[in-house]
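The values are calculated or read from the model by the stated rules, or taken from the named source; none is laboratory data. These numbers come from a predicted model, not from an experiment. Cβ sites come from the backbone with ideal geometry, for glycine too, and all protein chains shown count toward neighbours.
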Amino acid sequence: MTSQQHPPAAATGPATSIAPTAHVVCPVDELPPGERKIVTVAGRSIGVFNVGGRYYALRNACPHRVAPLCEGRVRGLVVSNGPYDVRVEREGEIVACPWHGWEFDITTGRSHFNPHRLRVKTYEVTVGMATACTDDGDPAVETFTVTVKRNTVLLHVTG
Amino acid sequence: MTAITTPTPTPANSVLATRPKFEIVDSDVHHGFRQNDDLYPYLSSVYRERLAEYGGVSAVIGTGHGLYNGGAFGRRVDLLDPKDPGDRGTAAMNRDTLRHNLLDTSGVDLAILTGAQLYGASTMTDQTYANALCRAFNDYTLEHWVGADSRFRAAINVCSQDPQGAAAEIDRIGDNPAVVGIVMPCGSIRPYGHRSYHAIYEACARHDLAVCLHFGGEGSGINPAPTAAGYPSYYIEARQARPSYYQVHLSSFVFEGVFEKFPTLRVVMLESGFGWVAPYVWRMDTDWKGLRHQTPWVKRLPSEYVWEHVRFCCQPVDEPATGDVRGDTRRLIDWMHGERTLLFSSDYPHWDWEDPQQTLTSLPTALRRRIMGGNARETYRIG
């Protein structure tokens, strides 16, 4: 851990003691598969993604240079079986930062090139804020839980 | 049918005799001077000396862009043969003289012979002739050098512009236990990671040989200009472009996936210096984080491939302006994992050589032992 990481999103009180609040994002039909919506909740800009009918939310700030990560291109993961072989897997599950192209897995918030050490911070509905993996000094961004109730997309944010 | 008539032969001189006479002006008559001395009275002493050592405009054709060198003919002035006024510095490259100067006197225990005079073969249009020259030099090296002293090993010269021919030469003598690598000049048609060269690396992998690159041949023969910004004017200026040659080849090896394809391959950058290495590799890592999807076969950070597969030579050592070799130079070495990646090289007999007794002497003994010998033994697989 270094002093360069972001301050915790929930600035008041221990995170575990604060229940996340559900915020209305939009009606379900306004966020079809492959689309995203960027909203501001509790002072934070958050990208809400529909990936094949499942919803994910990431803090709209890249841990690299705090660029608006969620405005980046959404695409698949380009993989290879060896030199000159190019294939695409997991179409639509990767967002690449619009500034320097760092790729993040929308479904987990983990960076592709350093998945075990660099990821976005995750908030669970029931357990509150999880600990960010920042043991190499890279700052983290947050992910959030998204649910659907009565045809409305709900974003769960603590604090 | 008409009768065939035979023309009556006419003597040529009678034809000339019938032509009208008028003045003839020849617009292209090639004259010349018999030897360089003829021009000396018209040159300053500076250019008299340069013409004597490196030649004039004819050398421009021969070396691509007419660059001269330092020292005497590029070599140490103190090694000129005092008994031979015609010595152009090659006396120091004679086997017995070299053995005395470097192995017996300067303390080198094992010398990897890399040649120099055949680097230009890779710039020739006639690949068959170029291959024959390399083959001859390699056989000469095996017979007269490594055959004469067990302290010699050879990195054989191959023609990089003919990968199939180079592979054939590697297969021909690559199993000779004295052959530990191949040498290719940095001047090339395209960067060396390109798939057109892979036959060379397949052959090196077959015989477990290191691939050594040494600057040379840039801007010569079949090769493009020595830099993308054109031709440097001066020798000292051209020297500053050398790291760029190694850099282009280095990133080519990494991003073409050569080390993914040939996981046992080692590449040695001869006469590379090392001050540039760490920042350049950092740059590759930085860029890869955002661009890796364009070359997805590069599965690890570029630095991981470099530190595992590529070795650099200490000469010429960039001397820090701070004078703080113990601190600043040490940092450069640590940043590039020099305990694994840095090899001692003297560049004997050139004027800018490194005396093994005075190279990086302020380093801790364990680190210096790796750099002076251990790393090379591992890289060249010398048991």
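Worth a mention:
- Of the criteria (1) modelled with pLDDT of 95 or more; (2) within 11 Å of chain B (Cβ to nearest Cβ), which one A:Ser111 fails: (1)
- Qualifying residue in the range B:308-320 (condition: more than 14 Å from chain A (Cβ to nearest Cβ), more than 27 Å from B:Phe259 (Cα to Cα) and either among the hydroxyl-bearing types (Ser, Thr, Tyr) or touching a strand residue (DSSP E or B) at 6+ places or on another chain (Cβ under 6 Å) (or both)): no
- Any hit, the range B:265-284, residues being polar (S, T, N, Q), surrounded by fewer than 18 Cβ atoms within 10 Å (Cβ to Cβ) and at pLDDT 95 or above: no
- Any chance A:Tyr55 is of a type in the set (Phe, Trp, Tyr) and within 11 Å of chain B (Cβ to nearest Cβ): no
- Filter pass, B:Phe137 being touching a strand residue (DSSP E or B) at 6+ places or on another chain (Cβ under 6 Å), without any contact (Cβ under 8 Å) to a residue 24 or more places away in the chain and either within 26 Å of B:Gly70 (Cα to Cα) or surrounded by 14 or more Cβ atoms within 10 Å (Cβ to Cβ) (or both): yes
- The residues of the range B:258-307 that are over 18 Å from A:Ser80 (Cα atoms), within 14 Å of chain A (Cβ to nearest Cβ) and in contact (Cβ under 8 Å) with a residue 40 or more places away in the chain amount to a single one, B:Leu265.
Each row is one residue, and each column tells you yes or no for (1) at pLDDT 95 or above; (2) surrounded by 15 or more Cβ atoms within 10 Å (Cβ to Cβ); (3) of a type in the set (Val, Ile, Thr).
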site: B:Thr295; (1), (2), (3): yes, yes, yes
site: B:Val298; (1), (2), (3): yes, yes, yes
site: B:Thr322; (1), (2), (3): yes, no, yes
site: B:Thr329; (1), (2), (3): yes, yes, yes
site: B:Glu354; (1), (2), (3): yes, yes, no
site: B:Tyr380; (1), (2), (3): yes, yes, no
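- If you filter the range B:256-307 down to residues that are of a type in the set (Gly, Ala, Ser) and out of contact with any Leu (no Cβ under 9 Å at 6 or more places or on another chain), you find that the one that is nearest to B:Glu354 (Cα to Cα) is B:Gly273.
- Helices (runs of 4 or more DSSP H) (entirely within the range B:292-360) containing at least 2 residues that are within 30 Å of A:Val79 (Cβ to Cβ): B:302-309, B:338-341
- Qualifying residue in the range B:220-236 (condition: under 21 Å from B:Leu342 (Cβ atoms), in contact with a Ser or Thr (Cβ under 8 Å, 6 or more places away or on another chain) and either of a type in the set (Val, Ile, Thr) or not in a helix (DSSP H, G or I) (or both)): no
- Just one of the listed residues (A:Val78, A:Val66) is within 12 Å of chain B (Cβ to nearest Cβ) and of a type in the set (A, V, I, L, M), and it is A:Val78.
- If the condition is being crowded, with 16+ Cβ neighbours inside 10 Å, in a loop (DSSP other than H, G, I, E, B) and of a type in the set (Gly, Ala, Ser), then the range A:25-81 contributes A:Ala61, A:Ala67, A:Gly72, A:Ser80.
- Counting the residues of the range A:82-106 that are surrounded by fewer than 20 Cβ atoms within 10 Å (Cβ to Cβ), more than 8 Å from chain B (Cβ to nearest Cβ) and among the aromatic types (Phe, Trp, Tyr) gives 1.
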